[in-house]
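Scroll down for the structure; my scribbles are underneath it.
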Amino acid sequence: MKKLIEIIKLKKDYYVGEVTVHALRGVDMVVNEGEFVAIMGASGSGKSTMLNIIGCLDKPTDGEYILDGISISSLSKNELAALRNRKLGFVFQTYNLLPRTNALDNVELPLLYNKTVKTKDRIERAKAALESVGLADRMHHKPNQLSGGQQQRVAIARSLVNDPVVILADEATGNLDTRTSFEIMALFQDLNNKGKTIVFVTHESDIARCATRNIIFKDGIILRESVVKDRINALEVLASIPIEAD
């Protein structure tokens, strides 16, 4: 089984005045190709710090991080940015869409930084990504014309458009109601079933049970990790939730 993410004795310290905060304290972690991993933990446990490092948005104080065979510690800022754009797709709690730009243009955005993709191909890939998340009829709508769930689908389409090796999701259902949350999780499960590797930070235990493996952080270390034995099928949950009339 191929290791896509390998974390070795990783430490991250922050300095607040004269106080040193040990956000990560020598973490070892592996995510294999095709896994759907949920990272959980209370506020301050280190889970968001870990996701920022996995996403090449932050660098560790010590230890090693290997992404798809590449050690990130030796990379320059420009090399990191290129790696992030090529290898990683991001989905955030707040969607992070450009408000004055329609869905198609929002999804195209990561491809603007990929010089190997021509304009025509860029548009076609963005359309295909939106179709894959069920938004073929919403391509020309701006974010304020879309529901929260639809905006998150646009964000997921944007994360897919460069065909990344890993999708990183940070509380991606945090702003959504129960039904819409499971709609989004059904989409993530479908992507995972098609072979996409997903790392998903959440504080919701039901959402974590949609993953294949859970990793629990506490005080900057991994408290425990386990294969999800009672895995939730998000589509089955959806079928049991009544649709509320407007």
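Considering region 229-246, the residues that are closer than 29 Å to GLY195 by Cβ and free of Cβ contacts under 8 Å to residues at least 24 places away in the same chain include one that is nearest to the chain's Cα centre (by Cα), namely ARG231. With respect to being at pLDDT 95 or above, over 24 Å from ARG224 (Cα atoms) and of a type in the set (Ser, Thr, Tyr), THR94 falls outside the description. With respect to LEU10, determine if the residue is more than 26 Å from ILE156 (Cα to Cα), in contact (Cβ under 8 Å) with a residue 24 or more places away in the chain and out of contact with any Lys or Arg (no Cβ under 6 Å at 6 or more places or on another chain). When the stated conditions are applied, LEU10 passes them. When region 98-134 is filtered for residues that are within 12 Å of ILE156 (Cα to Cα) and part of a loop (DSSP other than H, G, I, E, B), the ones remaining, listed by number, are VAL133, GLY134.
Would you check which residues across region 135-149 are part of a loop (DSSP other than H, G, I, E, B), of a type outside the set (D, E, K, R) and either without any contact (Cβ under 8 Å) to a residue 24 or more places away in the chain or within 15 Å of GLU108 (Cβ to Cβ) (or both) and list them?
First pass over region 135-149, keeping only residues part of a loop (DSSP other than H, G, I, E, B): 135, 139-142, 146-147.
Of the ones still in play, those that are also of a type outside the set (D, E, K, R) are 135, 139-141, 146-147.
Correct list: LEU135, MET139, HIS140, HIS141.
Just to be sure, is LEU98 at negative phi and surrounded by 13 or more Cβ atoms within 10 Å (Cβ to Cβ)? Taking the combined requirement at face value, the residue does not satisfy it.
How about region 178-199: which of its residues are of a type in the set (S, T, N, Q), under 15 Å from VAL166 (Cα atoms) and part of a helix (DSSP H, G or I)? Steps first, please.
Restricting attention to region 178-199, the residues satisfying the condition of being of a type in the set (S, T, N, Q) are 178, 180-181, 189, 192-193, 197.
Cutting the leftovers down to under 15 Å from VAL166 (Cα atoms) gives us 189, 192-193, 197.
Once the filter is applied, which keeps residues that are of a type in the set (S, T, N, Q), under 15 Å from VAL166 (Cα atoms) and part of a helix (DSSP H, G or I), region 178-199 yields GLN189, ASN192, ASN193.
Can you confirm whether ASP105 is closer than 25 Å to ILE241 by Cβ, out of contact with any Lys or Arg (no Cβ under 6 Å at 6 or more places or on another chain) and either without any contact (Cβ under 8 Å) to a residue 24 or more places away in the chain or exposed (fewer than 13 other Cβ atoms within 10 Å of the Cβ) (or both)? Step through it out loud before you land on a result.
Working: closer than 25 Å to ILE241 by Cβ: no; out of contact with any Lys or Arg (no Cβ under 6 Å at 6 or more places or on another chain): yes; either without any contact (Cβ under 8 Å) to a residue 24 or more places away in the chain or exposed (fewer than 13 other Cβ atoms within 10 Å of the Cβ) (or both): yes.
So ASP105 does not fit the description; no.
The values are calculated or read from the model by the stated rules, or taken from the named source; none is laboratory data. Please read these numbers as outputs of a predicted model, since none were measured by experiment. So basically every Cβ, Gly included, is an ideal-geometry build from the backbone, and we count neighbours across all protein chains shown.
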